[in-house]
Structure formats: C-alpha cells, structure tokens
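Written below as structure tokens is the structure these notes are about.
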Amino acid sequence: MNAHNSLFFLLFLTFVSSCSATTSSIGEGEAKKNTLQQLTKQAFEDTRGRSAIITLDTDEYKELVIDNPRPYHVFVLITAPQAVCDVCDPIGKSFSQAAIAHYMADDDDEEEPVFFVQLDAFNNRDFQTIHGFKSVPHLVHLHEGSKLKHRKSSMEYRIPPAETYHQTQLEPPVGEILDWMNTKTGRHVEVYVSRHDRLMHTFKLASLAVAAVALLLYGLYAARKWSIVCVIAALLIEMISTSGIFYNLLNGMVLVGKGRNGEPEYIMRGFRGQYLGEGLFCSSMMIVSGLSLLVAARAPYWINSRKSRFLSLAFLGLSLLSGWSVWQCYKYKTGMYSSPGWFPQPGAKHGSIRNDQGFSF
C-alpha cells in the first residue's frame, strides 16, 4: 500500500504542477493581450482615429509578439522610411487602413483579438535581422500556432513562407490585404469607410458635377462666340483619343532617364502614371507633328517676307522631330524597325498572296 500511495502522490503532484503551469501560461497570455489592447487604444487616441498601429522596441517585440503564449493574431509590417524606401509607403497606407478596419469592426468575445505592429528596420537594425529578412517591406502573420525556427547562433526567428504576404503589386489594395488577413484569422472584416470620408467623397462628386455642368455651359457660349474654340476642342479630343491607343500599344515601355549614380530612373513612380505619361507624350507628339506641317504649309500666306521660309523650315523640322520621337518609342519598346528587318528572313516562303503563300514560314 505504501508503494501505491507513493505512486498516487507523485501522480497527484504532477497533475497539480501541470495545472498550475497551464494556469500561469493562461494568465501570462491574458496579461500580454491586455497590454496590446491598451497600446492599440492609445495609438488610436494619440492619432485621433487615423491609426491603430502599435510601435514596439526590440525587447517589447520579443516579449509580446515572438514569445509564447500569444493567444491572439499579430500582423507585423517590417518597413523603412519613404526617404530610403519608395515601395514601402504604398503598402504602409494599405496596412494602416486594414488596422483601422479591424479596430472599428465589432469584436466577438469568443474570437481571438487581432493586433497590428509596424517595425522600422532602418532606424533599428535589430528588426532587420530578427527574422532574417534581407530587404523591406515584409508583411507577416504571427499566432499561437506559428512555428518559428529559432537560430541561437544568429538570434533569428525564421517565419514560415505560409505566414508571409506575397506582394504582387506596387500599390496593393487594402481589400486584397484584408482578404489575406481574413484567411489567417477566420474573420470577415471589410474596408472601413468613416462618415467623414463618405461626406468628403459625396462633396467631391457633387463639386465635379457642378464644375462639369458649368464648363459645358461656358464651352457652348465660347464656341458660339469664338470659332477657334471648336478647333482647339477637336485637337484635345484627338490627343486624348490617340493617347488611349498609344497606351495600349506601348504598355510596358519604359521612358527612363539617369539619376545621380548613372542608374535608370523612371519619369513617374507608379506604373499607372508611367504608362499614362507615355501615352500622352506620344499622342502629343503626333498632334505637334500634324500641326507643324499645317503651319509650315500656311506660313507663306500668313507672313509675306523672308521669315516665312525660315518659319516653314523650322516647323517642318519640328514635325520630323516629333515623328522621330514616336518612332524611337516604338523601337525602344518592341524593337520595331530593327528586329526583324524590313526584308524577309532567310528561308521564308514566297508566292502569291492570293494562295496565302506570302511571307509565311
């Protein structure tokens, strides 16, 4: 009986110690959760409702986000200032909107809370090496079930690829980021639009409508009074129309310059603005080319002097220069006029076009 009593006593002590450890772990997790909730509320109040993102130092990040227990979801954006990282600002704005959407969503007591943390890897180099990332930005998800690979030699906590957001656009929409977050948390959080934003959006639409009506009425009045207005309007319509055509033809072409270090530098930061600028540039050159020919042909009738000859030659040169610039755009974009050449390639079949035996292979 003594042996059985001793065994029972040992089992009882093991059970009590495990229960106390579990209770201690739960209490620690609740304390960490309460701390993050207070920090989120403080961030929301300090920014007057513009942000719900927490800023932590290295020790706080390891304690609240990396170390277990963490009975909550944490989305971490590792970024850098816009002065050193041009691509960090767009995803940072979407990340901030996602944080506001979660903060304003109705929380269910049974659901695990969601927190948002932003780390500045430029001003704090520890954040740059803590997860082994070689670049920024990175958006990751951490949870109780996240399995971090810890390397004691380098003090790194490797995050699994499944917990990392794979950015495919320079300006990721907040809806796409929220969809990815919802798959991790099991929630259905949508983009939050405040009442102030709705009023401002309605005011902008109303202002645009009033301005459009006023511009239309003034345009009708100006067209009846000055005939040249119709000509200018026709040229603008042609330029806008041809810009759409050039946009489709030159989509992917890159107009670049050179920076201080001799590296390529785009004329616009975003791809949408880049393509729009290319289309407007090419369409403007086509308009300038046509107008230059018109001026060159009509100059002798406008100016009865030797200056008309010089003016005609100058505008003829401008027309050729404008057409040459568009040709260079096509050459840079697609290799047109250089590859393939003007003549059939060796081995090309020749024959009657009627028999569909033209320059085919």
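The values are calculated or read from the model by the stated rules, or taken from the named source; none is laboratory data. Note that this is a predicted model, so its numbers are computed, not measured. Every residue, glycine among them, receives a Cβ derived from its backbone with ideal geometry; neighbour counts consider all protein chains shown.
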Selection count, region 186-212, where residues are at pLDDT 90 or above and either among the polar types (S, T, N, Q) or touching a strand residue (DSSP E or B) at 6+ places or on another chain (Cβ under 7 Å) (or both): 2
Yes/no for E144 being surrounded by 10 or more Cβ atoms within 10 Å (Cβ to Cβ), modelled with pLDDT under 85, in a loop (DSSP other than H, G, I, E, B) and within 32 Å of the chain's Cα centre (by Cα): yes
Number of positions in region 175-217 that are surrounded by 11 or more Cβ atoms within 10 Å (Cβ to Cβ) and not hydrophobic (A, V, I, L, M, F, W, C): 11
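Sort through Q97, Q128 and tell me the only one that's farther than 20 Å from N34 by Cβ, touching a helix residue (DSSP H, G or I) at 6+ places or on another chain (Cβ under 6 Å) and either outside any loop (DSSP other than H, G, I, E, B) or polar (S, T, N, Q) (or both).
Selected residue: Q97, the only one of Q97, Q128 that is farther than 20 Å from N34 by Cβ, touching a helix residue (DSSP H, G or I) at 6+ places or on another chain (Cβ under 6 Å) and either outside any loop (DSSP other than H, G, I, E, B) or polar (S, T, N, Q) (or both).
Can you find a residue in region 143-162 that is over 30 Å from E28 (Cβ atoms) and among the polar types (S, T, N, Q)? Walk me through it before giving the result.
Residues of region 143-162 over 30 Å from E28 (Cβ atoms): none.
For region 143-162, residues over 30 Å from E28 (Cβ atoms) and among the polar types (S, T, N, Q): absent.
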Among (1) at pLDDT below 85; (2) out of contact with any Lys or Arg (no Cβ under 9 Å at 6 or more places or on another chain) - the single one Y61 does not satisfy: (1)
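Got a number for residues in region 177-193 being touching a residue at least 12 places away in the same chain (Cβ under 8 Å) and not basic (K, R)?
As a first pass, look at region 177-193 and keep what is touching a residue at least 12 places away in the same chain (Cβ under 8 Å): 177-178, 180-181, 184-187, 189-192.
Then drop every residue that is not not basic (K, R), which leaves 177-178, 180-181, 185-186, 189-192.
Total satisfying the criteria: 10.
Yes or no, residue by residue, for (1) in the same structural domain as P173 (by TED's automatic domain parsing); (2) surrounded by 15 or more Cβ atoms within 10 Å (Cβ to Cβ); (3) acidic (D, E):
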site	(1), (2), (3)
K41	yes, no, no
D46	yes, no, yes
A52	yes, yes, no
T55	yes, no, no
A80	yes, yes, no
A98	yes, yes, no
Y103	yes, yes, no
Some residue of region 65-74 being assigned to a helix (DSSP H, G or I) and not acidic (D, E): yes
